[in-house]
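J.: Pasting a structure here, questions to come.
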Amino acid sequence: MFKRVGVAGVGLIGGSLALAARSAGAEVVGYDRDPATLARAKARGAIDRGAESFADLTRGFDLLVIALPLPDTLAVLRSLGSYAGPVIDVASVKLPVREAATALPQFAGTHPMAGRELSGIDAADRALFSGATWAIDDAAPAALRRRLIPFVRSFGAEPLLIGAADHDRLVALTSHLPQSVAVALGAQLAAAAAADSNTAVLCGPGMRSMLRLARSPLALWEPILRANARPLAMELRALAARLDTAAAELEAGETAALASYFTAAGPIAEELRQSGEGN
């Protein structure tokens, strides 16, 4: 386990990790470019104290956590040079991160499959990772992986060793596609609502639940979607093909494609519902 943890970026994920690490008995020091965010993290009990600079987190810590937006994560990893201490990140894509960290001898790319549409330290929750899968790049040094597994399990998460390319390919479907579909659906709804005021009042819980992710900020998501553009484009086209098939059949008075989608979707949706309730 790690007794002294430095966290760069104390927003939703970094703040939640800091809260969980402190609950697990670690001393946590945080750094954030926004002094108000750092003060709020201290007031919420996410950190024991704030660091005056990022450089302070590279001195005397058992683990350095980079919990910054993707462009900042890549820049910081490159700036660390051959820093010898254990380092992890929590970004949503892993291949660009692995490339940025090639000089670091003790680096593990990680990605907790947890989050929410809200951001910032006030949305942080020590239980955010409970029941979540926590991906760990299987190319990370074996000794570091062995230390990380009990660390993430202490948060209630389940570690998954997986290659960076496989991770990015799969999250294109499981994470990045839902985000893209939510904002596309929201944009279509917004255009319809601008033309007819009855549109919004006829939205029920189905539309509201579908649009939960549409509240996520573009500034956070655009670099992620760009970084995983090719796998995401493949998933978008595959979904578009399914929808196009259904549309063509409906115009012809048929519903075979939609019926097959209902049949295939029901079991996996129920499996995910039950796994979510079990957590």
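J.: Once you charge only the Cβ atoms, +1 for Lys and Arg and -1 for Asp and Glu, what is the size of the charge dipole of region 4-162 about its Cα centre, to the nearest 20 debye?
T.: Working: 17 positive and 16 negative charges, 60 e Å.
About 280 debye.
J.: Take the alpha carbon gyration tensor of region 20-65, find the square roots of its eigenvalues, order them as a ≥ b ≥ c, and report rounded if a/c is under 1.5; if not, report prolate when a/b exceeds b/c, else oblate. Provide the component values of the computation, followed by the final result.
T.: Numbers: a/c = 2.45, a/b = 1.05, b/c = 2.34.
Oblate, since a/c reaches 1.5 and b/c is not below a/b.
J.: Can I ask one more? Looking at the chain, send over the antiparallel percent of its DSSP beta bridges, to the nearest 5.
T.: Values: 3 of 25 bridges.
Antiparallel: roughly 10 percent of the beta bridges in the chain.
J.: By how many nm would the segment from Ala143 to Leu258 lengthen if fully extended, with 0.36 nm per residue of separation less the alpha-carbon distance?
T.: Details: separation 115, 0.36 × 115 = 41.40 nm, distance 4.91 nm.
Roughly 36.5 nm would be gained on extension.
J.: Where does the chain land at 222 nm, in deg cm²/dmol rounded to the nearest 500, when only DSSP H runs of n ≥ 4 count, each adding -39500 (n - 2.57), divided by all residues?
T.: -15500 deg cm²/dmol
J.: Just flag the trypsin sites (Lys or Arg not before Pro) in region 163-221 sitting in loop per DSSP whose Cβ has no more than 15 other Cβ atoms within 10 Å. Working shown, then result.
T.: Details: sites: Arg169, Arg208, Arg212, Arg215; in loops: none.
Those that pass, being in a loop and sparsely packed, number zero.
J.: Quick check on packing: order 259-272, 234-247 by the mean number of other C-beta atoms within 10 Å, highest mean leading. List each step's numbers first, then the result.
T.: Details: 259-272: 10.5, 234-247: 13.6.
Descending mean neighbour count gives 234-247, 259-272.
J.: Give the Debye-formula value of log10 I(q)/I(0) at each listed q (0.11, 0.15, 0.16 Å⁻¹), with one equal scatterer per alpha carbon of the chain, two decimals each.
T.: For the chain at q = 0.11, 0.15, 0.16 Å⁻¹, log10 I(q)/I(0) is -0.69, -1.16, -1.28.
J.: Over every pair of different alpha-carbon atoms in region 4-162, take the mean of 1/r and invert it; report that Kirkwood radius in Å. Spell out each step's value before the answer.
T.: On the way: mean 1/r = 0.0660 Å⁻¹.
In region 4-162 this quantity evaluates to 15.2 Å.
J.: I've got another one for you. Suppose each label sits 7 Å from its Cα in the direction of the beta carbon; what would the Val201-Arg78 distance come out to in nanometres?
T.: Label at Val201, label at Arg78, 5.4 nm between them.
Readers should treat all values here as calculations from the given coordinates under stated rules, not as data from a laboratory. Small disclaimer: the values here were computed from a predicted structure and weren't measured. All Cβ positions, glycine included, derive from the backbone under ideal geometry; neighbour counts span all protein chains shown.
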